[in-house]
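Notes to accompany the following structure.
The values are calculated or read from the model by the stated rules, or taken from the named source; none is laboratory data. None of these values were measured; they are calculated from a predicted model. Reconstructed Cβ throughout: ideal geometry from the backbone, glycine too, with neighbour counts over all protein chains shown. Keep in mind that these areas ignore ligands, DNA and RNA; they rest on the heavy atoms of the full protein, side chains included. Shrake-Rupley method; radii C 1.70, N 1.55, O 1.52, S 1.80 Å.
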Amino acid sequence: MQAFHTPLNAFQGFDPETSMSKTSFRTLAAGLALSAAALTSGTAAAADFTLTSPSVAPDSTIADKHVFSGFGCSGGNLSPALRWSNAPAKTQSFAVTVYDPDAPTGSGWWHWVAYNIPGQASGFAEGAGTENGMRLPGSTQQGRTDFGKTGYGGPCPPVGDKPHRYVFTIYALKIATLEVPADATAALIGFMINANKIGQASFTATYGR
């Protein structure tokens with residue numbers, strides 16, 4: 001079969017204003033401009049989603065009042081205050097996790113899992129992560145951490161380890177409710193979070209002893 005080749009000069013002298021109607025050309029150009037603007041806007045909005053804490057600064061050492069009480073640690077086990085802003089427009093709910101990837105378990109350590117946080121919420125007060133969660137917003141539920149119970153459990157790395165990293169993450173979800181069992185593990189809740197997220201933001205702080 002003979003190959004078809006388009007001569008390089010085939011489009012020389014092409015003038016879109018004369019080769020198609022001016023109205024069609026301008027409509028096409030406007031459509032392309034709107035598509036580019038929408039793409040840029042969507043990227044910017046996603047990039048603006050942020051998580052901060054007045055209690056814990058990024059890359060800082062976590063204060064003793066937020067450290068676990070037990071397992072050889074004697075901190076205050078007070079959950080940090082959290083603030084988030086500029087969530088994606090279609091957010092229906094949020095989830096928050098605190099995770100230590102450096103724990104010597106082979107799978108890290110889940111220190112806090114909160115989910116079904118109302119889509120209108122914008123943060124947690126300091127100390128809100130108690131086992132009963134009474135100070136958490138509206139429909140918020142808490143999953144079982146690797147300490148074996150619900151609620152916030154602060155850092156408590158092994159003595160002599162280099163400082164562990166604690167990753168605080170907020171997830172924006174496309175659904176209002178995660179359908180998980182009341183005693184669901186953090187891993188199961190994490191699976192459901194990642195299956196429904198439309199955005200996330202995080203920061204990391206450290207603690208060692």
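If you filter region 48-62 down to residues that are more than 11 Å from Ala81 (Cβ to Cβ) and part of a loop (DSSP other than H, G, I, E, B), you find that the one that is most open to solvent (accessible area, probe 1.4 Å) is Asp59.
Every residue, every condition in (1) more than 21 Å from Lys149 (Cβ to Cβ); (2) aliphatic (A, V, I, L, M); (3) out of contact with any Phe, Trp or Tyr (no Cβ under 9 Å at 6 or more places or on another chain), yes or no:
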site	(1), (2), (3)
Ala87	yes, yes, no
Phe94	yes, no, no
Asp100	no, no, no
Gly108	no, no, no
Ala114	no, yes, no
Gly123	yes, no, no
Thr130	no, no, no
Pro137	no, no, no
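Candidates in region 71-99 are the residues that are assigned to a strand (DSSP E or B) and over 17 Å from Ser202 (Cα atoms); of these, the one that is most open to solvent (accessible area, probe 1.4 Å) is Ser74. For the condition modelled with pLDDT of 95 or more, open to solvent by 40 Å² or more (accessible area, probe 1.4 Å) and basic (Lys, Arg), Lys65 qualifies.
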